[in-house]
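Written out below as structure tokens is the structure these notes cover.
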Amino acid sequence: MGMYWQKDLETMTASQLEAHQFQKLKETVSLAEQSPYYGGLFKKRGLGTANLKSLEDISLFPMTTKEDLRENFPYGFLTMPLNNTIRLHCSSGTTGNPTVIFHNRHDLDSWANLVARSLFAAGARSTDVFQNICGYGLFTGGLGFQYGAECLGALTIPAGAGNSKRQIQLMQNFGTTVVHAIPSYLTRLYTVFEELGIDIARDTKLRLLVIGAEPHTEAQRQRIQDLFGIKAFNSFGLSEMNGPGVAFECEYQTGLHLWEDAFFAEIINPDTLEPVPEGEVGELVMTTLDRQAMPLIRYRTRDLTRFLPGECPCGRTHRRIDRITGRTDDMFIVKGCNIFPMQVEKILMNFPEIGHNYLIVLETIKGVDEMLIKVEVSRDWFAGDMDVLENLRRRVVNEIRDEVLLTPQVKLVEPGALPKQEGKAVRVQDLRKNEGA
Ligand code: ADP
Ligand code: ZN
């Protein structure tokens, strides 16, 4: 096995990869034609495999949006009789009605293999004990990592979400070496380690963390690595593209290798829908290349990222994307300033005095939109004196103002005071009266 899970696929030359993608694309388009949605659309536009003379011809095909998935819910994208499929997943519905994706046996095997490949790239091995701390059920992080880690050959603990004391007990009982969890949960889990007086290096066998499913900054990753004293690898995926196992960091942590044998990726300007110049940030658009029950063509993820230049020392040739800075629909506008939650997080996480949780509240005060940021102060600092806290508050205000060009109101709160979510963290609460908007 050596350094790779699938050396042939992971280290293909650019021309091999292109040929592979082209072949897979033709298969995908001909499969997609079997679905009511694409079948009708292609017929109307006179599109089909005959249009595909080279990989670039994918641009002749229309993009698919989350709205299309919703409008054709539940069976409009299905290419085969329902009884040939064996599982469905729904997206967690962070931003509206859920959508559904169906899988047949091939799709699930292909997905598990991609997750195994991803874990292997991050340094996990069949000898590891993998504890999957996230919701099982419709959320793809549960079963996605379960079958992926099993495919890798690791002993896999389907721990599920929550109940931190039990999580820690499982780690100690079974010698967990690798944990997958969302980043906002890991910082909370750490405080439970502290409360219990358990020293991670001394009392556990943890050696590697996998974090993903929600946006987080490099500063938050660093913080998690410092707290746990081990590396944390970024995992990216979305239900529409199976779930986890779309793009993953390798041991060098130089961005996320996007598995291009299984997905064709484009980065576009969300306003013009044209490709952005190489290396610029835009919306990630993806085509499944190895899915049968429900292939998607040029799906607009709404996630913002860019392709990173250069080669990775690991030797994998699949292009790397930068960490996701947010979704096109995450951005909010206050007093004419366009702001992404991750800009705020980036600043906050650079303050050692600041704890792990924060909440951005947008409200209308006397007819004017304001941004209020509630920030948990770390335990050691909260007991400190008022002047010190006031000074900290001012510095936070200034640094955020410099970043987002708007003066926020900042309120420092006690550790643990902000609401906790069972699943993905909610960073923005918009209470504005959207008159006329
Ligand atoms: P929902 O869209 O309802 O949240 P999903 O579980 O499919 O349901 O979530 C996928 C989305 O989660 C991605 O489109 C992306 O916005 C976000 N996401 C997943 N992994 C990461 C990551 N590593 N970094 C940032 N965002 C991520
Ligand atoms: Zn690499």
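Here are a few things to note about the model shown:
- Here is the figure for the range 229-250: residues that are among the acidic types (Asp, Glu) and either in a loop (DSSP other than H, G, I, E, B) or within 14 Å of ligand 2 (Cβ to nearest atom) (or both) total 1.
- Selection within the range 270-282 - open to solvent by 50 Å² or more (accessible area, probe 1.4 Å) and away from ligand 1 (no atom under 14 Å from the Cβ): ASP271, THR272, LEU273, GLU274, PRO275, PRO277, GLU278, GLU280
- Verdict on PHE102 being touching a residue at least 60 places away in the same chain (Cβ under 8 Å), outside any helix (DSSP H, G or I), in the same structural domain as THR288 (by TED's automatic domain parsing) and not small (Gly, Ala, Ser): yes
- In the range 157-186, of all residues being among the β-branched types (Val, Ile, Thr) and over 17 Å from the mean Cα position of the chain (by Cα), the one that is surrounded by the most Cβ atoms within 10 Å (Cβ to Cβ) corresponds to VAL178.
- The range 1-55 holds helices (runs of 4 or more DSSP H) entirely within its bounds, and those carrying 1 or more residues that are under 30 Å from ARG70 (Cα atoms) and among the β-branched types (Val, Ile, Thr) map to 14-32.
- Residue within the range 257-267 that is surrounded by fewer than 19 Cβ atoms within 10 Å (Cβ to Cβ), under 24 Å from ARG221 (Cβ atoms) and away from ligand 1 (no atom under 13 Å from the Cβ) present: no
Conditions tested, residue by residue: (1) of a type in the set (Phe, Trp, Tyr); (2) touching a Ser or Thr at 6+ places or on another chain (Cβ under 6 Å); (3) modelled with pLDDT of 95 or more; (4) open to solvent by 40 Å² or more (accessible area, probe 1.4 Å).
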| residue | (1), (2), (3), (4) |
| --- | --- |
| ALA32 | no, no, yes, no |
| SER35 | no, yes, yes, no |
| LYS43 | no, no, yes, yes |
| PRO62 | no, no, yes, no |
| ARG87 | no, no, yes, yes |
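- Considered as a group, the residues in the range 242-256 that are more than 14 Å from ligand 1 (Cβ to nearest atom) and open to solvent by 30 Å² or more (accessible area, probe 1.4 Å) include one that is nearest to the chain's Cα centre (by Cα), and that residue is THR254.
- Flag if VAL285 is within 16 Å of ligand 1 (Cβ to nearest atom) and exposed (fewer than 15 other Cβ atoms within 10 Å of the Cβ): no
- The test for being open to solvent by less than 80 Å² (accessible area, probe 1.4 Å), of a type in the set (Asp, Glu) and modelled with pLDDT of 95 or more does not hold for ASP8.
- Pairs with Cβ under 9 Å, 6+ apart, first in the range 297-320 and free of Cβ contacts under 8 Å to residues at least 24 places away in the same chain, second assigned to a loop (DSSP other than H, G, I, E, B) and open to solvent by 20 Å² or more (accessible area, probe 1.4 Å): GLY310/THR254; GLU311/THR317
- Taking the range 308-322 as the range and being more than 11 Å from ligand 2 (Cβ to nearest atom) and either open to solvent by less than 20 Å² (accessible area, probe 1.4 Å) or touching a helix residue (DSSP H, G or I) at 6+ places or on another chain (Cβ under 7 Å) (or both) as the test, only ILE321 passes.
- Scanning the range 134-156 for residues that are of a type in the set (A, V, I, L, M), open to solvent by less than 40 Å² (accessible area, probe 1.4 Å) and within 23 Å of SER239 (Cβ to Cβ) returns ALA149, LEU152.
- Tally of residues being within 16 Å of ligand 2 (Cβ to nearest atom) and either part of a strand (DSSP E or B) or not assigned by TED's automatic domain parsing to the domain that holds ALA112 (or both) across the range 251-264: 3
- Condition check for ASN350 on (1) assigned by TED's automatic domain parsing to the domain that holds PHE42; (2) open to solvent by 20 Å² or more (accessible area, probe 1.4 Å): one failure, at (1).
The values are calculated or read from the model by the stated rules, or taken from the named source; none is laboratory data. The structure displayed is predicted, hence computed values, not measured ones. Positions of Cβ are generated from backbone atoms using ideal geometry, with glycine treated the same way; all protein chains shown enter the neighbour counts. Just the protein is used for accessible areas: all its heavy atoms, side chains included, with ligands, DNA and RNA removed. Shrake-Rupley method; radii C 1.70, N 1.55, O 1.52, S 1.80 Å.
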